[in-house]
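Q: Please see the structure below; I have some questions.
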Amino acid sequence: MLKLFKMNIPSNLKYTKDHEWVSMEGEIATIGITDFAQKELGDIVYVEVETVDQTLDKDEVFGTVEAVKTVSDLFLPLAGEIVEFNEGLETNPENVNTDPYGKGWMVKLKVSNLADVEELLDSEAYKALIGA
């Protein structure tokens with residue numbers, strides 16, 4: 001029997017088709033993976049980000065997330081400079097599972113072009129994408 005999960009999709013965030021979320025504060029974007037993504041991946045055991053202080057283009061890989069069964073690339077939803085990695089994930093990667101929109105955030109990005117934020121999905125469009 002298929003068990004349906006109630007998806008947590010905060011309306012104040014922006015989303016990507018690759019299941020990342022973005023929270024904006026000025027020109028700084030906080031980025032993580034969505035509740036849907038962490039449920040699909042399963043128990044997360046390691047998050048690797050070696051791109052701090054690098055300027056990357058939109059859709060470039062900024063790191064990887066390792067779950068018990070798979071390793072997935074993390075794609076940058078916006079172009080800019082990665083200014084911070086959530087070092088708490090080094091010792092507690094399970095925060096991505098338990099609190100994906102809080103303690104489970106992954107990187108902070110100084111956004112190159114704020115107009116690009118408007119191209120991201122809002123919560124309703126993301127819900128439609130995942131069928132929630």
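The values are calculated or read from the model by the stated rules, or taken from the named source; none is laboratory data. Note that this is a predicted model, so its numbers are computed, not measured. Glycine gets a Cβ as well: all are built from the backbone with ideal geometry, and neighbour counts include every protein chain shown. Please note that ligands, DNA and RNA were not included when accessible areas were found on the heavy atoms of the full protein model with its side chains. Shrake-Rupley method; radii C 1.70, N 1.55, O 1.52, S 1.80 Å.
Q: Check the stretch 65-72 and report whether any residue there is part of a strand (DSSP E or B) and of a type in the set (D, E).
A: yes
Q: All but one of (1) open to solvent by 30 Å² or more (accessible area, probe 1.4 Å); (2) of a type in the set (A, V, I, L, M, F, W, C); (3) under 22 Å from D53 (Cα atoms) hold for V117; state the number of the condition that does not hold.
A: The number of the failed condition is (1).
Q: To continue, here is another question. Give the number of residues within the stretch 97-123 that are farther than 21 Å from E60 by Cβ and without any contact (Cβ under 8 Å) to a residue 40 or more places away in the chain.
A: Final tally of qualifying residues: 4.
Q: Do the conditions hold for V68, that is, is it among the hydrophobic types (A, V, I, L, M, F, W, C) and surrounded by fewer than 18 Cβ atoms within 10 Å (Cβ to Cβ)? Quick ask: steps written out before the conclusion?
A: Working: among the hydrophobic types (A, V, I, L, M, F, W, C): yes; surrounded by fewer than 18 Cβ atoms within 10 Å (Cβ to Cβ): yes.
The answer is yes for V68.
Q: What residue, among those in the stretch 36-49 that are of a type in the set (D, E) and modelled with pLDDT of 95 or more, is least open to solvent (accessible area, probe 1.4 Å)? Working first, answer last.
A: Start the filter on the stretch 36-49 by keeping residues that are of a type in the set (D, E), which leaves 40, 43, 48.
Narrowing the set further to residues that are modelled with pLDDT of 95 or more leaves 43, 48.
Working: D43: 106, E48: 64 Å².
Filtering the stretch 36-49 for residues that are of a type in the set (D, E) and modelled with pLDDT of 95 or more, the one least open to solvent (accessible area, probe 1.4 Å) comes out as E48.
Q: Tell me, which residue of the stretch 12-35 that is in a loop (DSSP other than H, G, I, E, B) and open to solvent by less than 20 Å² (accessible area, probe 1.4 Å) is farthest from L109 (Cα to Cα)?
A: T34
Q: Among what's in the stretch 90-114 and is of a type in the set (K, R) and part of a strand (DSSP E or B), pick the residue that is most open to solvent (accessible area, probe 1.4 Å).
A: Result: K110.
Q: Could you grab me the full set of residues in the stretch 53-64 that are open to solvent by 70 Å² or more (accessible area, probe 1.4 Å) and assigned to a strand (DSSP E or B)?
A: T55
Q: Just to be sure, is E84 of a type outside the set (G, A, S), open to solvent by 70 Å² or more (accessible area, probe 1.4 Å), within 17 Å of S23 (Cβ to Cβ) and in a strand (DSSP E or B)?
A: Values: of a type outside the set (G, A, S): yes; open to solvent by 70 Å² or more (accessible area, probe 1.4 Å): yes; within 17 Å of S23 (Cβ to Cβ): yes; in a strand (DSSP E or B): yes.
When the stated conditions are applied, E84 passes them.
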